[in-house]
1. Is at least one residue of region 17-24 part of a helix (DSSP H, G or I) and among the small types (G, A, S)?
2. For region 25-58, name all the residues that are part of a strand (DSSP E or B), hydrophobic (A, V, I, L, M, F, W, C) and open to solvent by 10 Å² or more (accessible area, probe 1.4 Å).
3. Given (1) at pLDDT 70 or above; (2) open to solvent by less than 50 Å² (accessible area, probe 1.4 Å); (3) over 24 Å from L112 (Cα atoms); (4) within 21 Å of the chain's Cα centre (by Cα), where does T207 come up short, assuming only one miss?
Amino acid sequence: MSIRVLVADDQGIVRAGFVAVIDAEEDMTVVGQAADGVTAVQLDEELEPDVVVMDVRMPELDGIAATRIITGRRHAPRVLVLTTFDLDAYVFDALRSGASGFLLKDAHAAELLQGIRVVAAGESVLSPSATRRLIGHYASAAFTGAESGVRELDSLTGRERDVLALVASGLTNAEIAEQLGITVGTVKSHVNALLRKLGLRDRVQATILAYDLGLAHPNPPGTHL
């Protein structure tokens, strides 16, 4: 089945470029386009896409607010947020609003297409080193004074806590397996178990919770991953 995609970006040329790239794929179909957040919210309800490719800064209603509304619906699509370096202060807010991940707007077409496929499959896009640096940098501001102990971690095993911290650092399952000396299948089992125990939807929410509870720490400015 084809992945139904809604593209929301206020720049017509940029939006047309995304549409052309996505529609050229056999397993994807662009079902709608929006030039502002209000239209994106309306079209999401009307068209029921699988994935919304969402720009951060748009008129009428910004991408973060639109994401919050869309992901709050009963049958919510996955939202892939696009940002540029000069807009990266908004990234963590977008993730906290329910986005399944984000990519930089200058990402290669192949990265965008893979990102859409990944979030459509229920996973999250957090792995590029540039995005990990942004998460680390802005988490320091986003979580200053954040409440600790929002959710109890007593139900997690020691290994599950280790995996949670590594997930928050942006490592893939393969990288976590190598670091802990276990199989990828075992890592997947730990991830699924900790998500279930904590009532989390995906790795994005796990990352945010890890920062909230102090299991992961922001990278100091200038740190390179």
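1. Checked against the condition, which is being part of a helix (DSSP H, G or I) and among the small types (G, A, S), region 17-24 yields at least one hit.
2. Result: V30, V31.
3. Among (1) at pLDDT 70 or above; (2) open to solvent by less than 50 Å² (accessible area, probe 1.4 Å); (3) over 24 Å from L112 (Cα atoms); (4) within 21 Å of the chain's Cα centre (by Cα), T207 violates only (3).
The values are calculated or read from the model by the stated rules, or taken from the named source; none is laboratory data. Just so you know, these numbers come straight off a predicted model, no measurement behind them. Heavy atoms of the whole protein, side chains included, go into the accessibility calculation; ligands, DNA and RNA do not. Shrake-Rupley method; radii C 1.70, N 1.55, O 1.52, S 1.80 Å.
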